[in-house]
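Undergrad: Below is one structure. I have some questions about it.
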Amino acid sequence: MVVHSQSAALDHCSLIRTCKPTTSVFNGIPVVHLRDPEAKTLIVKACEENGFFKLVNHGVPMEFIVKLETEALKFFNLPQSDKDKAGPPDPFGYGFKMIGSNGDVGWVEYLLLNTNPQTTSHKTHTLFREYPELFRSAVNDYIQAVKRMTFEVVELMADGLKIEPRDALSKLLRDDDSDSCFRLNHYPPCPDLQALSDRNLIGFGEHTDPQIISVLRSNNTTGLQICLNDKTWVSVPPDQTSFFINVGDALQVMTNGRLRSVRHRVLADSMNSRLSMIYFGGPPLSEKIVPLPSLMTKGEESLYKEFTWWEYKTSAYRSRLADYRLGLFEKRTPSAAAGL
């Protein structure tokens with residue numbers, strides 16, 4: 001997504017939502033060392049209070065991270081005609097500006113890949129056939145390392161919540177039919193931001209992630225923001241050596257609201273490009289998303305109607321990014337839920 005002139009930039013900007021500047025930097029992000037003996041307790045506390053934490057000492061080799069970032073930037077720096085060979089997204093493949101099918105747009109271009117070798121999409125095959133083996137190798141090495149780390153994180157989470165069996169969450173992500181995916185987001189610099197009259201350009205609009213868990217790594221460019229419990233938006237300081245873990249909607253349901261998915265967004269930067277790598281851990285399409293029995297106290301009722309991951313995923317991707325997607329599945333009226 002290369003901007004060839006100032007007028008082209010402003011024409012593009014006019015199509016994308018803006019927001020008032022947020023000057024508050026959130027310095028209270030919980031930090032969890034994966035090898036800390038108290039990691040299980042810290043993970044649960046962070047997910048209960050913020051739905052979000054930073055993971056350090058994670059064990060993913062930096063060489064895998066650097067290699068993938070290098071190869072991804074090579075792809076995004078290709079001529080537009082070359083990138084278009086990997087699109088349009090179905091939903092996998094290359095896309096730009098348009099986010100989903102319901103009118104959301106952002107200052108972003110992306111690659112969305114299926115991580116399940118059993119169900120790899122045609123677009124993923126095409127992408128890896130068209131582009132160098134080094135790119136495919138970088139993607140595979142990174143995803144396998146991040147998967148291993150994620151399985152460990154959710155098993156520690158299960159320990160902290162006293163979920164039985166311990167692999168109740170990780171087995172859904174390990175399943176041969178797991179509906180997990182991997183996304184590379186590229187936000188080019190937007191040097192004409194000053195023309196927006198002291199407003200910020202939305203790179204990726206506010207939303208929660210529908211899956212069980214999201215694992216984000218980005219380069220050292222600002223832009224990520226999360227919404228705190230008091231509805232204020234705060235900026236997350238970048239850390240290119242660490243991972244940021246998000247609770248997803250499915251995990252909120254599986255814990256009967258004890259852990260809550262975090263609303264987040266990305267703002268464009270005027271000078272620097274931002275590259276994000278996100279692994280979305282999802283269950284098999286046929287999996288029923290219900291509160292885990294070992295978390296339910298005697299007589300406690302589910303806050304949510306029973307549904308499959310396919311039903312929720314389908315509903316979520318038909319909605320707008322900012323919609324409260326779980327409202328339709330709560331055991332109360334959506335209008336009341338929207339007020340949360």
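Undergrad: Excluding Cys227 itself, what net charge comes from residues whose Cβ is under 12 Å from its Cβ, given Lys and Arg +1 and Asp and Glu -1?
TA: That works out to +2.
Undergrad: Also, I was wondering about something else. So if each residue of separation counts as 0.36 nm, and I subtract the Cα-Cα distance between Thr232 and Arg183, what length gain in nm does that give? Walk me through the numbers before you get to the answer.
TA: Numbers: separation 49, 0.36 × 49 = 17.64 nm, distance 2.67 nm.
Gain on extension, Thr232 to Arg183, equals 15.0 nm.
Undergrad: Of all chymotrypsin sites (Phe, Trp or Tyr not before Pro) in segment 216-276, which ones are in loop regions per DSSP and have a Cβ with at most 15 other Cβ atoms within 10 Å? Kindly include the intermediate steps, with their values, before the conclusion.
TA: Numbers: sites: Trp233, Phe243, Phe244; in loops: none.
Within segment 216-276, no chymotrypsin sites (Phe, Trp or Tyr not before Pro) qualify (loop, at most 15 other Cβ atoms within 10 Å).
Undergrad: Here's another thing I want to ask about it. Taking loop as defined by DSSP and a crowding limit of 10 other beta carbons within 10 Å, which trypsin sites (Lys or Arg not before Pro) in segment 251-329 fit?
TA: For trypsin sites (Lys or Arg not before Pro) across segment 251-329 that sit outside H, G, I, E and B with at most 10 neighbouring Cβ atoms in 10 Å, the list reads Lys298.
Undergrad: Magnitude of the Cβ-charge dipole of segment 31-318, K/R +1 and D/E -1, about the Cα centre, nearest 20 debye? Write out the running numbers ahead of the final one.
TA: Numbers: 32 positive and 37 negative charges, 16 e Å.
With Lys and Arg at +1 and Asp and Glu at -1, about 80 debye.
Undergrad: Suppose accessible area is computed on protein heavy atoms with a 1.4 Å probe; arrange Thr41, Thr150 from highest to lowest.
TA: Thr41, Thr150
Undergrad: Could you please put Arg332, Arg148 in sequence from largest to smallest accessible area, using a 1.4 Å probe? Numbers along the way, then the final one.
TA: Values: Arg332 115, Arg148 140 Å².
Ranking Arg332, Arg148 by accessible area, largest first, yields Arg148, Arg332.
Undergrad: Using the heavy atoms of the protein chains alone and a 1.4 angstrom probe, what is the accessible area of segment 220-318 per residue in square angstrom? Don't skip to the answer; put the middle values down first.
TA: On the way: 4180 Å² over 99 residues.
Result: 42 Å² per residue.
Undergrad: While we're looking at this one, here's another question. Over segment 31-318, with every protein chain in place, what whole percent of the accessible area is carbon and sulfur at 1.4 Å, could you tell me?
TA: 51
Undergrad: So for segment 31-318, what percent of the C-alpha to C-alpha distances run longer than 29 Å? Don't skip to the end; give the middle numbers.
TA: On the way: 13264 of 41328 pairs.
Value for segment 31-318 (Cα pairs over 29 Å): 32 percent.
Undergrad: Skipping prolines and chain starts, which residues have an amide H placed within reach, meaning under 5 Å, of the one on Arg274, given they are 5 or more residues away or on another chain?
TA: Residues meeting the criterion, in which the H sits 1.01 Å from N, are Tyr187.
The values are calculated or read from the model by the stated rules, or taken from the named source; none is laboratory data. What you are looking at is a predicted structure, and each value in this text was computed from that prediction instead of being measured. Here Cβ is always computed from backbone atoms with ideal geometry, including for glycine, and neighbour counts include all displayed protein chains. Just the protein is used for accessible areas: all its heavy atoms, side chains included, with ligands, DNA and RNA removed. Shrake-Rupley method; radii C 1.70, N 1.55, O 1.52, S 1.80 Å.
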